[in-house]
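Down below is the structure, laid out as structure tokens.
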Amino acid sequence: MKFEYIIIVIILFIILLAVLKSVKKDAHLNMNKLVDYLGGRDNIINTEVNLSRFKATLKDVNLVNKEGIQKLGAKGIVEIDNQVKIILGANSKQLKKYIDDLR
């Protein structure tokens, strides 16, 4: 009887690991898409994070795909001169770290 419970716990643990791994892949994919929607990593000059806002200074703001960024979950996008400010919530810090790691 105890043996059956152990097997069930092991199976649930394996399922949990598979779900967590797939979520991390999706997050990584979204970060790649966000970088692409910002015009690619070569278009990004500098990045900053202020609470839930991600700010990118870009070489060419015309390369930004605002619709694509909003589809990935941005709550707002503001374009000022050569900067784009995106309200991403908790993902702002993750995106900055991801872009910094790309350099």
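The values are calculated or read from the model by the stated rules, or taken from the named source; none is laboratory data. Since the model is a prediction, treat every value here as computed from it, not as a measurement. Every residue, glycine as well, gets a Cβ built from its backbone with ideal geometry; the counts of neighbours run over all protein chains shown. Areas reflect the complete protein model, heavy atoms only, side chains present, ligands, DNA and RNA absent. Shrake-Rupley method; radii C 1.70, N 1.55, O 1.52, S 1.80 Å.
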Looking at the chain, what % of the alpha carbon pairs are farther apart than 16 Å? 60
For the chain, the longest principal axis of the Cα atoms and the Cα long axis of helix 91-102 enclose an angle in degrees, to the nearest 10, of 80
Measure of exposure for Val9: accessible area at 1.4 Å probe, Å² rounded to 10, is 90
Among all the lysines, which ones have a C-alpha under 24 Å from Lys96's C-alpha, if same-chain residues fewer than 8 places away are not counted? Lys21, Lys24, Lys25, Lys33, Lys55, Lys59, Lys66, Lys71, Lys75, Lys85
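Divide by every residue of the chain the summed helix terms, -39500 (n - 2.57) for each DSSP H run of at least 4, and state the resulting mean residue ellipticity at 222 nm, rounded to the nearest 500 deg cm²/dmol. Could the numbers behind the result be given before it?
On the way: 3 runs with 54 residues, N = 103.
Taking each H run of at least 4 residues, the total per residue is -18000 deg cm²/dmol.
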Accessible area of Asp42, 1.4 Å probe, to the nearest 10 Å²? 110
Sorting Val61, Leu72, Ile45 by the position of each Cα along the dipole of the chain (Lys, Arg +1; Asp, Glu -1; all at Cβ), the one nearest the positive end of that ordering is Leu72
